[in-house]
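Structure record follows, encoded as structure tokens.
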Amino acid sequence: MSAEEVSAFLDEQRVVTCATHGPRGWPHLMPLWYVVRGEELWAWTYAKSQKVRNLERDPRATLQVETGFEYQELRGVMIEAEVVIHRELSLVSEFGVELFGRYGTAQAGPEFLEVVRAQAAKRVALRFQPRRTASWDHRKLGGVY
């Protein structure tokens, strides 16, 4: 895919699978909601989650966003990234509002902001800084595999 196609693809998809290095050496795969900010994906998760503990030990992650059912429909993007863990409550809260907005669950008013702040107190924001990206779109193969 071209850079523009990758950008459009990431904007239209909703779940990224995040692979980190688990404590026993096995890949640890977990789905995340995400927001695209420029060239980077951002997500949030519980501060005490296994993926955060893994990233504290080794800040590398591989992300994959994919779609398609039949082989000739498969499309996806894989991103090897270094991850910055943000713990500042104001930053995590602001990001939570942005994330809920992307997924259509944001609401107006101070009650909603309090709910986000309460969640943010238990969470971190993950900034995935891409180091290498690969993409594929089997629809472009024209039936030749």
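The values are calculated or read from the model by the stated rules, or taken from the named source; none is laboratory data. Since the model is a prediction, treat every value here as computed from it, not as a measurement. Quick reminder, even Gly has a Cβ in these numbers, built from the backbone with ideal geometry, and neighbours come from all protein chains shown. Just the protein is used for accessible areas: all its heavy atoms, side chains included, with ligands, DNA and RNA removed. Shrake-Rupley method; radii C 1.70, N 1.55, O 1.52, S 1.80 Å.
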Check your understanding: Is it true that some residue in segment 61-68 is in contact with a Leu (Cβ under 8 Å, 6 or more places away or on another chain) and open to solvent by 50 Å² or more (accessible area, probe 1.4 Å)?
Key -> yes
Check your understanding: Can we say LEU55 is part of a helix (DSSP H, G or I), open to solvent by less than 80 Å² (accessible area, probe 1.4 Å), in contact with a strand residue (DSSP E or B) (Cβ under 8 Å, 6 or more places away or on another chain) and within 22 Å of PRO130 (Cβ to Cβ)?
Key -> yes
Review point. Is it fair to say LEU10 is in contact with a Cys (Cβ under 9 Å, 6 or more places away or on another chain) and more than 23 Å from VAL116 (Cβ to Cβ)?
Key: no
Study note, to complete from the structure: Result of the Cβ filter at 9 Å on segment 102-115, keeping first residues that are touching a residue at least 24 places away in the same chain (Cβ under 8 Å) and partners that are of a type outside the set (D, E, K, R), at least 6 apart or interchain, is ARG102/TRP33; ARG102/TYR34; ARG102/VAL35; ARG102/VAL36; TYR103/TRP33
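One line per residue, one yes/no per condition, for (1) modelled with pLDDT of 95 or more; (2) exposed (fewer than 12 other Cβ atoms within 10 Å of the Cβ); (3) under 16 Å from the mean Cα position of the chain (by Cα):
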position: VAL16; (1), (2), (3): yes, no, yes
position: MET30; (1), (2), (3): yes, no, yes
position: VAL36; (1), (2), (3): yes, no, yes
position: TYR71; (1), (2), (3): no, yes, no
position: ARG75; (1), (2), (3): yes, no, no
position: GLU82; (1), (2), (3): yes, no, yes
position: GLY101; (1), (2), (3): no, no, yes
Check your understanding: Is segment 64-77 home to any residue that is over 23 Å from GLU5 (Cβ atoms) and not small (Gly, Ala, Ser)?
Key -> no
Check your understanding: In segment 38-52, what residues are open to solvent by less than 80 Å² (accessible area, probe 1.4 Å), not in a helix (DSSP H, G or I) and not hydroxyl-bearing (Ser, Thr, Tyr)?
Key -> GLY38, GLU40, LEU41, TRP42, ALA43, TRP44, ALA47
Revision key, fill the gap. The residue from PRO27, PRO23 that alone is free of Cβ contacts under 8 Å to residues at least 40 places away in the same chain, in contact with a strand residue (DSSP E or B) (Cβ under 6 Å, 6 or more places away or on another chain) and not charged (D, E, K, R) is PRO27
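Out of curiosity, is GLN119 among the polar types (S, T, N, Q) and loosely packed, with under 15 Cβ neighbours inside 10 Å? Quick ask: steps written out before the conclusion?
Numbers: among the polar types (S, T, N, Q): yes; loosely packed, with under 15 Cβ neighbours inside 10 Å: no.
The answer is no for GLN119.
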Review point. Among the candidates GLU12, GLU88, GLU70, which residue alone is of a type in the set (D, E, K, R), closer than 16 Å to LYS122 by Cα and free of Cβ contacts under 8 Å to residues at least 40 places away in the same chain?
Key: GLU88
